[in-house]
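One structure is given here, and the rest of the page talks about it.
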Amino acid sequence: MITLLAVFLSFIGGFLFANALNRSDLNALKAENERLKNVQDDKDSNQSEAALTDEEIRSKITEADQNPTNIEFQKNLGIALYHYATIKQDAEMMYETARLLNRVYKHDKNDYDATVMLGNIYFDIGYFKKDNEKFTAAREFYQKALEQKPNDADVRTDLGLTYFLASPPEMEKAISEFQKSLKANPRHEKTLQVLTEALLSHNKTEEAESYLAKLKEVNQNNSSISDLSLQLAGAKSNQQQR
């Protein structure tokens, strides 16, 4: 078990992606998706032997199912499988990780890592499947996590994204959560990105321009700045024409 888990962790090294999977609808997350793709391409040639077969993965899941009271095993395997599923963009495997980590959560509802991870898993399934119910499930876990750590800007931002990416979007709630995130960490780059995007989507160009300026201060090389600047210019032009 230890050896196989080590192989998992070796394979996913550098891919710690627990806070949010790439949301391609948002400029904020396009760059991360491309980064993951490029890093994975670089690692494929060197780590092909570390890739696990479906049989090996199923064997470890079966072992976990046969030992449901081994909470540490459920947690370690669930986290490793989640990162693996994230790289593969495999929503079905994420359902398996949710099963494992729900055992951990039921054993200890104060396990912060398991709570946040479950939020991430349901978020990603909701994104892949375009499933509002999964976004709602993710939201519930994020809210439980924030009861423990209300100033966790990463979790707060992902909570906001569950509203932003809902169909239809709940934009006011999304913007509210993003602003709370920035109160906790005014220089949180991801939040500045998605808040600018949300404000532009909501035709709040002056506020969007302000947050875009802050994003440039935090990281002038952020890859979303160019697209956001074009969107802002287009929004301003449309307002002037009216």
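The values are calculated or read from the model by the stated rules, or taken from the named source; none is laboratory data. Only a predicted model underlies this, so the values are computations on that prediction, with no experimental measurement involved. We place every Cβ from the backbone using ideal geometry, glycine too, and count neighbours over all the protein chains shown.
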> Being under 21 Å from the mean Cα position of the chain (by Cα) and of a type in the set (Gly, Ala, Ser), is that true of even one residue in segment 203-222?
Replying inline: no
> Going by the structure shown, is residue 135 modelled with pLDDT under 95 and either under 15 Å from the mean Cα position of the chain (by Cα) or outside the structural domain of residue 216 (by TED's automatic domain parsing) (or both)?
Replying inline: no
> Would a scan of segment 214-224 turn up a residue that is under 17 Å from residue 153 (Cβ atoms) and part of a loop (DSSP other than H, G, I, E, B)?
Replying inline: yes
>> If I go through segment 83-98 residue by residue, how many of them are within 14 Å of residue 58 (Cβ to Cβ) and without any contact (Cβ under 8 Å) to a residue 12 or more places away in the chain?
In response: 2
> Just for segment 157-172: of the residues that are hydroxyl-bearing (Ser, Thr, Tyr) and surrounded by fewer than 24 Cβ atoms within 10 Å (Cβ to Cβ), which one is modelled with the lowest pLDDT?
Replying inline: 167
>> If I ask for residues that are β-branched (Val, Ile, Thr) and either within 20 Å of residue 138 (Cβ to Cβ) or part of a helix (DSSP H, G or I) (or both), which ones from segment 52-65 would you list?
In response: 57, 61, 62
